[in-house]
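These notes are about the structure you will find just below.
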Amino acid sequence: MSRAQTLIDYVAEHHPRSVRGIDEARAVDPAAWDAIAETFLGWAEGVWGPDGWQARCVEAFVVFSSDVIMAQARYEADGHYENSSFAECNAAVYSQREVMDDYLWGVFITNFCWSHHMELSLFFRDRFLARLPGAPAIVEIAPGHGGWGVWALSNRPDARLQGFDISPSSIAIASSIAKAAGVGDRAVYTLRNALDLATMPTASADAVICSFLIEHLEDPGLLVANIANLLKPGAKAYLAGAITAAQVDHIYEFRHESELVALCEAHGLRVCETMSVHPRRILPRARFLPRSMGLILEKRG
C-alpha cells in the first residue's frame, strides 16, 4: 500500500471529519497529489520510521488545522489578529520546543492536504522549480519544516542550499528531512534571524525561497529588502504570504494581494507571476476571506 493511501486510511479511521478536506486537496490534481504526498511522506517515514510517521504527522496536522480554524474565528469576532509583536509569538510558540515541533509537522502536511496549499505546491513546482538555472545556489529564508528547499534539492542534484531560521526546532526538523531525502550533504541550516542577513554577500543567490514568513513579521519590508539584496541580477525568488488569514503567530495583517505586489516592487523586485488561493470552505458569514498567495519575483538587472 502506498504511503498516500496509508495516510488517507489513518485519517478515515482516527479523524473522519478531516477526510473531506483531504479529498478536496486530492481533487485539485489526483495524480500530482499522489506523487507529492508519496514524496513528502517518504521523507517523514525516513525521519520517524515506517510505523511512526502516521501518528506523528497526522495528529500534528489535525491539531494545527483546528488551531487555524479557531484563530480565524477569533479574527472574525475581533476584527484583528490576536498578536502584534514577535515577543508575543515567541513566548507562545517559537520558544516552546514541543509546541513548535507539532506546529512544523502540521504545516508540513498542509502542503498537500489543504486544497489551496496543494494549488500553491503545484505553482511552486511548475512555475518556480522547473525554471531554476544550472547549478543554483539557493538561499531559503525561514525554512520551517524545510520541505520546500528539500524539494528543490531533490529535483536538482546540482543545487546547493543555505537555510536560515530563528527556531531551533526548524533547524532540527529541516536537517532531519534533508537527511531522509538524501540531500543532507547539499543543505546547510543555520540558526539565525531571517532579518539579520545584511552581512550575507550581496547578489550571491541564484534563487531565494521564503514561504509563509512575511506575515509573521512586524516590518515585512525588511524581509523583502533582504531578498532583493541576496539575489543576483535576473535571479528569481519564490515568496508566499497569508492575506486575512489568522494564526496565533501571524502579526502583519495583509488585506489585499496588491499590498504584497507593491511591497516587492518598492524594493526593486519585478513580480513575474502570482497565484492567490483560498480554502474550499470558509466560516459561515465570514467577513474575511483567508488567502494564501505565491509570488515569483525577479531581481531587476
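Looking at the range 73-88, which of its residues are assigned to a helix (DSSP H, G or I) and either acidic (Asp, Glu) or touching a Ser or Thr at 6+ places or on another chain (Cβ under 9 Å) (or both)?
Tyr75, Glu76, Asp78, Glu88
Among Ile173, Ile177, Ile214, which is the only one that is under 27 Å from Ser276 (Cβ atoms) and among the β-branched types (Val, Ile, Thr)?
Result: Ile214 is the single residue among Ile173, Ile177, Ile214 that is under 27 Å from Ser276 (Cβ atoms) and among the β-branched types (Val, Ile, Thr).
Being under 14 Å from the mean Cα position of the chain (by Cα) and among the aromatic types (Phe, Trp, Tyr) is the filter; apply it to the range 121-150 and report the residue that is surrounded by the fewest Cβ atoms within 10 Å (Cβ to Cβ).
Step by step, filter the range 121-150, then rank; the result is Phe123.
Specify the residue that is surrounded by the fewest Cβ atoms within 10 Å (Cβ to Cβ); the eligible residues are those in the range 236-270 that are among the small types (Gly, Ala, Ser) and not in a loop (DSSP other than H, G, I, E, B).
Residue satisfying both the conditions and the ranking: Ser258.
Suppose we filter Ala35, Ala92 for residues that are farther than 22 Å from Leu217 by Cα and of a type outside the set (Asp, Glu); which single one remains?
Only one candidate qualifies: Ala35.
Sort through Ala242, Ala246, Ala207 and tell me the only one that's over 30 Å from Ala286 (Cβ atoms) and not assigned by TED's automatic domain parsing to the domain that holds Met70.
Ala207
Looking at (1) surrounded by fewer than 17 Cβ atoms within 10 Å (Cβ to Cβ); (2) under 20 Å from the mean Cα position of the chain (by Cα); (3) assigned to a loop (DSSP other than H, G, I, E, B), which one does Glu98 not meet, given that it meets all the others?
(3)
For the range 192-221, which residues satisfy the criterion of being within 22 Å of Ala44 (Cα to Cα) and part of a strand (DSSP E or B)?
Passing the criteria: Ile209, Cys210, Ser211.
Which condition from (1) free of Cβ contacts under 8 Å to residues at least 60 places away in the same chain; (2) closer than 23 Å to Met293 by Cβ is the one that Val28 breaks?
That leaves (1) as the condition not met.
The values are calculated or read from the model by the stated rules, or taken from the named source; none is laboratory data. Note that the coordinates shown come from a computational prediction; the quantities given were computed from them, not determined experimentally. Cβ sites come from the backbone with ideal geometry, for glycine too, and all protein chains shown count toward neighbours.
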